[in-house]
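Enquirer: Sharing a structure below in structure tokens format, with a few things to ask.
The values are calculated or read from the model by the stated rules, or taken from the named source; none is laboratory data. Just so it is clear, the model here is predicted, and its values are computed rather than measured. Cβ sites come from the backbone with ideal geometry, for glycine too, and all protein chains shown count toward neighbours. Surface areas here come from the heavy atoms of the whole protein model, side chains and all, with no ligands, DNA or RNA. Shrake-Rupley method; radii C 1.70, N 1.55, O 1.52, S 1.80 Å.
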Amino acid sequence: MGCLRCGACCTSFGVCITPSDIRRISSATGLPPSEFVDTVQDYPGRERTEPALLIDGEMRILVLKRSPSNVCTFYSPGGCRIYPHRPLLCRTYPFKKGMEDMLSRACPCPWAPDEKERARYEKDLKEYEKELKSFRKFAEKWNPRGGGTLKELLAIIREGP
Ligand code: SF4
Ligand code: SF4
């Protein structure tokens with residue numbers, strides 16, 4: 001059995017995003033990144049390994065905006081409104097580095113993915129690792145030079161690597 005599409009993950013947590021996620025979603029939806037990107041302050045002991053970025057003098061993490069009812073901005077009761085373009089974190093959830101490494105405080109699914117679904121997750125997990133490497137390189141350039149505002153950051157991300 002694979003994902004139940006119950007939406008528990010979309011309504012429970014903030015969703016970390018990478019620069020590539022931002023470009024992909026923006027290009028697929030036509031939305032400017034400022035419409036769907038938010039940041040939260042970095043904190044010790046977090047599970048995710050996305051690098052924090054120096055924004056307005058503070059180390060912050062890029063996340064998808066949340067609606068006033070505190071669910072992902074792209075969530076609707078019918079499901080994800082950007083499903084084919086959703087962030088890699090969503091595509092790989094609830095797994096971390098491999099399919100044996102499951103990270104979930106919310107997912108109720110008794111995971112037993114079939115061969116096809118397993119292959120899809122494994123491909124997405126590899127892509128996620130690749131994106132994270134490139135994101136870390138981006139942070140290594142952005143942070144030492146003093147960072148900037150979110151507006152400046154999103155303009156640079158939009159230009160692409
Ligand atoms: S982008 Fe889509 S899949 Fe990801 S948390 Fe939001 S609604 Fe859920
Ligand atoms: S990954 Fe888990 S929590 Fe998220 S929609 Fe699928 S079954 Fe539900």
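Enquirer: If the chain between LEU31 and SER67 were fully stretched, how many nm would it gain, using 0.36 nm times the residue separation less the Cα-Cα distance?
Expert: Taking LEU31 through SER67 to full extension adds about 11.4 nm, to one decimal.
Enquirer: If you line up the long axis of helix 115-142 against the longest principal axis of the chain, both from Cα atoms, how many degrees apart are they, to the nearest 10?
Expert: 10
Enquirer: On to the next question. Going from most exposed to least, what order do GLU117, GLU47 have by accessible area with a 1.4 Å probe? List each step's numbers first, then the result.
Expert: Values: GLU117 45, GLU47 85 Å².
I get GLU47, GLU117, largest accessible area first.
Enquirer: Something else now. Between the stretch 108-136 and the stretch 1-54, how far is it from one alpha carbon centroid to the other, in angstrom?
Expert: 16
Enquirer: Quick check for you: with a 1.4 Å probe and neighbouring chains kept, what is the accessible area per residue of the stretch 1-115, in Å²?
Expert: Working: 5930 Å² over 115 residues.
Computed with neighbouring chains in place, this is 52 Å² per residue.
Enquirer: Give the lysines whose C-alpha is closer than 21 Å to that of LYS151, dropping any in the same chain fewer than 8 places away, or say none.
Expert: LYS65, LYS137, LYS141
Enquirer: Further question: So, taking all protein chains as they sit and a 1.4 Å probe, how much accessible area belongs to SER27, in Å² rounded to tens?
Expert: It works out to around 100 Å².
Enquirer: Could I ask something else about it? Which order do PHE138, PHE74 take when ranked by solvent-accessible area (1.4 Å probe, heavy atoms of all protein chains), largest first?
Expert: Highest to lowest solvent-accessible surface, that is PHE138, PHE74.
Enquirer: Looking at the chain as a GNM with Cα springs under 10 Å, which of ASP38, ASP124, ASP114 has the largest mean-square fluctuation?
Expert: Its mean-square fluctuation being the largest, the pick is ASP114.
Enquirer: Return a whole-number percent for the relative contact order of the stretch 8-159, with Cα pairs under 8 Å and 6 or more residues apart as the contact set. Numbers along the way, then the final one.
Expert: Working: 178 pairs, mean separation 49.0, N = 152.
Value for the stretch 8-159: 32 percent.
Enquirer: At 1.4 Å probe size, with the rest of the protein present, what percent of the exposed accessible area of the chain is carbon and sulfur atoms? Don't jump to the answer; show the numbers that get you there.
Expert: Working: 4890 of 9170 Å².
That share works out to 53 percent.
Enquirer: Mind ordering 49-58, 28-37 by average Cβ neighbours within 10 Å, highest first?
Expert: Result, highest mean Cβ count within 10 Å first: 49-58, 28-37.
Enquirer: Something else: Counting residues in the stretch 38-161 as N, plug N into 2.2 N^0.38 Å and put the Cα Rg over that result.
Expert: 1.17
Enquirer: Can you sort ARG5, ARG118, ARG91 by 1.4 Å-probe accessible area, starting with the largest?
Expert: Working: ARG5 160, ARG118 80, ARG91 30 Å².
Sorted descending by solvent-accessible area, the residues read ARG5, ARG118, ARG91.
Enquirer: Where a Cα-Cα gap under 20 Å defines reach, which lysines qualify for LYS96, not counting those fewer than 8 residues away within the same chain?
Expert: By straight Cα distance, LYS96 reaches LYS116, LYS123, LYS126, LYS130, LYS133.
Enquirer: Check ARG60: other-chain or 5+ apart residues with amide H under 5 Å from its amide H, H built from backbone geometry?
Expert: Result for ARG60 returns ASP42, LEU53, LEU54, ILE55.
Enquirer: Nearest 5 percent is fine: what portion of the DSSP beta bridges confined to the chain is antiparallel?
Expert: Given both bridge residues lie in the chain, the antiparallel proportion sits at roughly 95 percent.
Enquirer: Then there is this: Enumerate the amide H contacts of PHE95 below 5 Å, restricted to partners 5 or more residues apart or on another chain; note that Pro and chain-start residues carry no placed amide H.
Expert: It is LEU103, by chain and number.
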